[in-house]
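Here the structure comes first, spelled out in structure tokens, and everything after it is commentary.
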Amino acid sequence: MLFEVEASLTYDFAGPCEVLLLVEAAHSPGQAVLSDALTFWPPVEATRIDDPVTGERRTVFTAAGRVNALYRATVKLTPANQDLAGEPEMALRDLPSEVLAYLRASRYSPSDRLLRFVEREFGTLKGGRKVAAILAWIAEHVDYEAGVSHSGTTAIDTFIDRAGVCRDFSHLVIALCRAANVPARAVSAYAWRLDPPDLHAVAEVYLGGRWRLIDATGRAPVDGLVRVATGRDAADIAFMTIMGGATLVEQHFKIDKVGD
């Protein structure tokens, strides 16, 4: 499938500062960036710090006053089978070394605090059936509701409050899966059919020898996700990290399907 994506971010920066921008479509398996452009107005000093391992494309720029960053791209997705049914979980000794980090608790997904709950609720299940049951539990017990969480909200807060937005859903499903011995990580993506359009936080689980996308909110089809960043939790995939002070003026994200 062929998609066009766009991000426009306008901020007022209190003083000269560096900004890490993470809105560009990644070069990753099943995702080909056919064309793209990142422009700034007014022009700024910018440096690329791309990740050759993950394919993430990062830009650091120096900002002062009002700055607009505009990103547009055409991306071709080759959907992979994301079905969880029958997929086995892997023994710790068989996991690739780069996957091991995604079994550990992280700042926003403290999975070590959910071990007892996961064992009681899902302990008889294995692999894809266990992940599917976790997704079903979240769908039944957690409401999608804006305004009930903030930038410091963790998976434990969402587990207690039973409400949140995509970021909170992703942290909770990651924490529950890690507590169930299934490697899980956070993904930010442009999400086709998400309403309203935004950079969407979803997750991936490692089953059957490869990563599989899951969206605990159920608000966007996983075969229409254009990947931007991947990491342990929101701390790794934030679309903008500002080394100073700034005020949001306007921002929007967009994704359109333009071909099969």
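Centroid-to-centroid, using Cα positions, region 159-216 and region 28-63 are 24 Å apart.
Applying 1/(1 + (r/R0)^6) with R0 = 41 Å to the Cβ-Cβ distance of residue 1 and residue 44, what FRET efficiency is obtained, to the nearest 0.05? Rounded to the nearest 0.05, the efficiency is 0.80. Here Kirkwood radius over Cα pairs in Å was computed from the coordinates, and among (i) 19.0; (ii) 17.9; (iii) 20.3 the match is (i). One decimal place: the segment residue 70-residue 115 gains 11.9 nm when fully extended, by the rule 0.36 nm per residue minus the C-alpha distance.
Since every read-out is calculated from the coordinates, none of them should be taken as a lab result. Model, not experiment: these values are computed from the prediction. Methodologically, a virtual Cβ is constructed for each residue, glycine included, from the backbone with ideal geometry; neighbour enumeration extends over all protein chains shown.
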